[in-house]
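Trainee: Dropping the structure in here first, questions after.
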Amino acid sequence: MSELDDALSGTVEADEEQKIRVAHRRLREVLDRHRDGRDGEDPSDPMTVQVMPMVLEIPHDPIPDRRAMLEAAATACVAVCLDPRAGEETGGTTGGPDHPESSTGTFAEALMSWYDARIRKVARRARNKKWRDVQALPGVTAEVDGARARAFTPCPVSRTPALINRLQIEGTDLVDSPDDAAGTVPEETPVIFVDASLGMSVGKAAAQVAHGSMLLAAELPEDAALAWNAAGFPLQVREVDRERFAEVRAQAETAQQQGSGAADAAAAYAAVVQDAGYTEVAPGSVTVVALAPM
């Protein structure tokens, strides 16, 4: 490679890094808005009712493991939020009810419109041609141990692309295989814990772990989020019983109260997902806790 090629490559990498940093700052603003109870959604204006569509590939054979599918879904979602395209200029629009036109605009504008609303997600299933067809829509596909999920740029619910809208939301559920090789979690790997006692379907759980991964990314310092991105967003999902979930929830809430990354032996960056209760679980249920070591 010539010196000119090296210089050009370095310029491209620096530009992408800067865009990811901008994307992370935009994602962090979601935390501030939702902690303050700000919500730009207006039920009387369909353009403000936003959703991030997700599609899980569930072939007849081989049927993917549930754990692997949930990890793929969580990875795909955070990869969309911290994609370099999410940090591009938006032409002065910031999304939300004041700028409904951005809901059909760029990758970044679509995300920002969604951030201004209730950041809902809906996971559907597909296989064969239907799975291949949706790859043409803007988004990111993640694969874990053969399980594949794709998260798409958000849109108004009423404008969900036809290729996605015709897919089924409910259907075959997944279980972990008897020889599921999740193994020991490396110390540096973020873990997303799911309350198994809630009995969520794989689609519901996929949306919840996706929520957990994006909120955890928002909690991370900028450099840590950039490093996680560069590593390909390694993470592990653990569905645990009610007692264990209560333990990790308490750990997460302590970390949040002290400030994520507090100087403590059990310090961690933490995100707690509380569901609105539109489907499957009661309103206010804590479904997921995400923890990342310092």
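The numbers here are math on the coordinates, done by the rules we state, and not lab data. Predicted, not measured: the structure shown is a model, and the values here were computed from it. Every residue, glycine among them, receives a Cβ derived from its backbone with ideal geometry; neighbour counts consider all protein chains shown.
Trainee: Kirkwood hydrodynamic radius for the stretch 110-176: how many Å is it when counted over pairs of different Cα atoms? Kindly include the intermediate steps, with their values, before the conclusion.
Mentor: Working: mean 1/r = 0.0755 Å⁻¹.
Value: 13.2 Å, from the Cα pair sum.
Trainee: Using R₀ = 51 Å, calculate the FRET efficiency as 1/(1 + (r/R₀)^6) where r is the Cβ-Cβ separation of Ala136 and Ala246; round to 0.05.
Mentor: Details: r = 43 Å, r/R0 = 0.85.
Step by step, r from the Cβ atoms, then E = 0.70.
Trainee: Shape verdict for the stretch 20-63, please, from the Cα gyration tensor: rounded (a/c under 1.5), prolate (a/b greater than b/c) or oblate.
Mentor: Taking the square roots of the gyration eigenvalues as a ≥ b ≥ c, the stretch 20-63 is oblate.
Trainee: A further question on this structure: For the stretch 144-258, how big is Rg over Rh, using alpha carbon atoms and the Kirkwood form of Rh? All intermediate terms of the calculation are to be shown ahead of the outcome.
Mentor: Values: Rg = 16.2 Å, Rh = 16.6 Å.
On the Cα set of the stretch 144-258, Rg over Rh gives 0.98.
Trainee: Let me check I've understood the local charge: for Pro293, count other residues with C-beta under 11 angstrom from its C-beta, Lys and Arg +1, Asp and Glu -1. What total comes out?
Mentor: -2
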